[in-house]
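**Student:** Here you go, one structure.
The values are calculated or read from the model by the stated rules, or taken from the named source; none is laboratory data. None of these values were measured; they are calculated from a predicted model. When we count neighbours, we look across all protein chains shown, and the Cβ atoms used for this are built from the backbone with ideal geometry, even at glycine.
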Amino acid sequence: MGWFFHLLGALGLFLLGMWLMTEGLKLAGGHALETLLGRWTRDPKRGLAAGMLVTALVQSSSAVTVATIGFVNARLMDFRHSVWVIFGSNVGTTLTAWIVTLFGFNVKMDVITLPLIGVGAFMQVFAPKERGRALGMALAGFGILFMGIDALKNNFADISTQLDLTLLSATGLSGIIWGFVIGLGLTVLTQSSSAAIAIILTAVASNMSGMTMAAAAVIGANIGTTSTALIATIGATAGAKRLAWAHVMFNVVTAAVALLVLPLFLAGLTLLVDDAGLGGNNSILLSAFHTAFNLLGVLLMWPLEPHMSRFLLQRFTRQENQPHPKHYLDRNIASVPDLAIRALQHELDIMYQEICQQDLNHTLGNSPQMEDFSAIMANISAYISEVSRGNLTSVHSQQLTAGMSMNHYLQNSQSTLNAMSALKLNLEGDLASSLQHWLENLNQFARDLAHTDGQYQHEHWQLQLQEYQQLKQRFLSAGVAGQLDLNSMDNALQFISLSKRHMEQLLQTTQPRLQLAQQHPEH
């Protein structure tokens, strides 16, 4: 059993390196991920290119798929464009196979692993900028990943001399079936098609597996990666569910066609590789197959995508027709700070705008006619806590702190509105008109808050405070003069004080809103 634990350790090294590399690249290139996915995907071609580029950037198609589902779930991306991002990510992930093939099997590992880990560690510790430190983590991850590949290769060489592995050399239909099942199982177990492809490539480079079985395993790995997308849709919106099923349909259709023509496909690629002078290198042939297989999927989907999108847009409509709160937060993008903070900003702005638009006259003896934000506010706090557990720059931490602060002030404001609606006022004549005029001025001030600078807000609020003092004095005088019973006077004064507090809480959000919206200085 010693070989099993050695193999497990080698696989662990590879997965650890992949995780460090992906997390470092997501942190270092998070703004590029946000720009390419959130702003650049305006048509299918650009969506395809964005999917390829971002996946090559973060070296994880699963991360891009989950992030894209998060964008759709948060209503920050159109479904038709996001479909092509997913297709592009399938092509972009083939770069991992080429990295493993060109460097993992053709370069002496200790020549690159230790320098990469050393340079990465020094950058992580001494780099002056936080994104430089994140890039150092990614470089160290690259080094550990290559160390894992080397360990896998050595362990496979040992295993081939100790075990009967004739099954892995099976050809024909049985070889295709076994290869497909092995690739599918590896990806589901590791939740990483890149890890599965690396294992398959290592098996081929060690002459443990035949090409037919290895190619079928690559197809199975592509099917297995859809499990990550399906898991990400649990509790998601209809658009996100459609996108996950688009991912499944892309991989299933591509896999079905590739399996049907697998012998011819491999024969054609073998001729091309031989013509390029690389004949006999099975790992290069398998990497070429991985790329060609996913490009085949894009070609197949080019005419089929409009029909597939129309079909999916008719699905999950019952969920869309059900009432649901506005929702920009999504756990799928919580691991990418730039995306998570953008979604948080959208969510808080929606709440802020709705509270600012609330007509304070409607709180006179009535419950506010607005959405109950209590559940959303609790979700925001939980979301910020989840994001804060990841790798963050100091600016990310400041923005999350600002988001928590803004959420706190909005919660106070909402609580104040509820307290105002609980007070019973019996006012008539000039007193009722004076109170209504005060509330109308506050309504206008609240609507102006989002569109004015700090100096204007300060000057205008001083005028409101003067009116507040005059209004309080008028109600006190009315109570002393007997024009208003003491209980009504007390309720009215409480109502006026609460209305002032409501506006003060909204004013307190000004600085956190600016901090939350600021751009990272290293962008």
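**Student:** Among the polar types (S, T, N, Q) and either modelled with pLDDT of 80 or more or in a helix (DSSP H, G or I) (or both): which single residue out of ASN361, ASN366 fits that description?
**Tutor:** Working: ASN366 fails: either modelled with pLDDT of 80 or more or in a helix (DSSP H, G or I) (or both).
Only one candidate qualifies: ASN361.
**Student:** Of the numbered conditions (1) farther than 30 Å from LYS45 by Cα; (2) at pLDDT 80 or above; (3) surrounded by 21 or more Cβ atoms within 10 Å (Cβ to Cβ), SER89 satisfies every one except a single condition; which is it?
**Tutor:** In the conditions (1) farther than 30 Å from LYS45 by Cα; (2) at pLDDT 80 or above; (3) surrounded by 21 or more Cβ atoms within 10 Å (Cβ to Cβ), SER89 misses (1) alone.
**Student:** Quick check on the range 159-214: of everything there that is within 27 Å of the chain's Cα centre (by Cα) and surrounded by fewer than 17 Cβ atoms within 10 Å (Cβ to Cβ), which residue is modelled with the highest pLDDT?
**Tutor:** So in the range 159-214, the residues within 27 Å of the chain's Cα centre (by Cα) come out as 183-198.
If we keep only those that are surrounded by fewer than 17 Cβ atoms within 10 Å (Cβ to Cβ) too, we end up with 185, 189, 191.
Numbers: GLY185: 86, LEU189: 79, GLN191: 71.
The selected residue is GLY185.
**Student:** Give me the residue from the range 12-26 that is modelled with pLDDT of 70 or more and more than 17 Å from ILE99 (Cβ to Cβ) and, out of that set, surrounded by the most Cβ atoms within 10 Å (Cβ to Cβ). Spell out the reasoning first.
**Tutor:** At the first step, the residues of the range 12-26 found to be modelled with pLDDT of 70 or more are 12-25.
The next check asks that each one be more than 17 Å from ILE99 (Cβ to Cβ); those that pass are 12, 23.
Details: GLY12: 13, GLU23: 21.
It comes out as GLU23.
**Student:** How many residues, within the range 378-416, are touching a Pro at 6+ places or on another chain (Cβ under 9 Å) and of a type in the set (Phe, Trp, Tyr)?
**Tutor:** The total comes to 1.
**Student:** Being more than 26 Å from GLY51 (Cα to Cα) and surrounded by 12 or more Cβ atoms within 10 Å (Cβ to Cβ) is the filter here, so list the residues in the range 241-261 that pass it. Show your work before the answer.
**Tutor:** Start the filter on the range 241-261 by keeping residues that are more than 26 Å from GLY51 (Cα to Cα), which leaves 260-261.
Correct list: VAL261 only.
**Student:** Can you tell me which of (1) touching a residue at least 40 places away in the same chain (Cβ under 8 Å); (2) buried (at least 17 other Cβ atoms within 10 Å of the Cβ); (3) of a type outside the set (Lys, Arg) is the one GLN483 doesn't meet?
**Tutor:** The single condition GLN483 does not satisfy is (2).
Residues checked against (1) at pLDDT 90 or above; (2) buried (at least 23 other Cβ atoms within 10 Å of the Cβ); (3) within 28 Å of GLN511 (Cβ to Cβ):
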{"residue": "LEU296", "(1), (2), (3)": "yes, no, no"}
{"residue": "ARG318", "(1), (2), (3)": "no, no, no"}
{"residue": "ILE333", "(1), (2), (3)": "no, yes, yes"}
{"residue": "ALA340", "(1), (2), (3)": "no, yes, yes"}
{"residue": "GLN357", "(1), (2), (3)": "no, no, yes"}
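**Student:** Can you pull out every residue in the range 120-141 that is in contact with a helix residue (DSSP H, G or I) (Cβ under 7 Å, 6 or more places away or on another chain) and assigned to a loop (DSSP other than H, G, I, E, B)?
**Tutor:** ALA127
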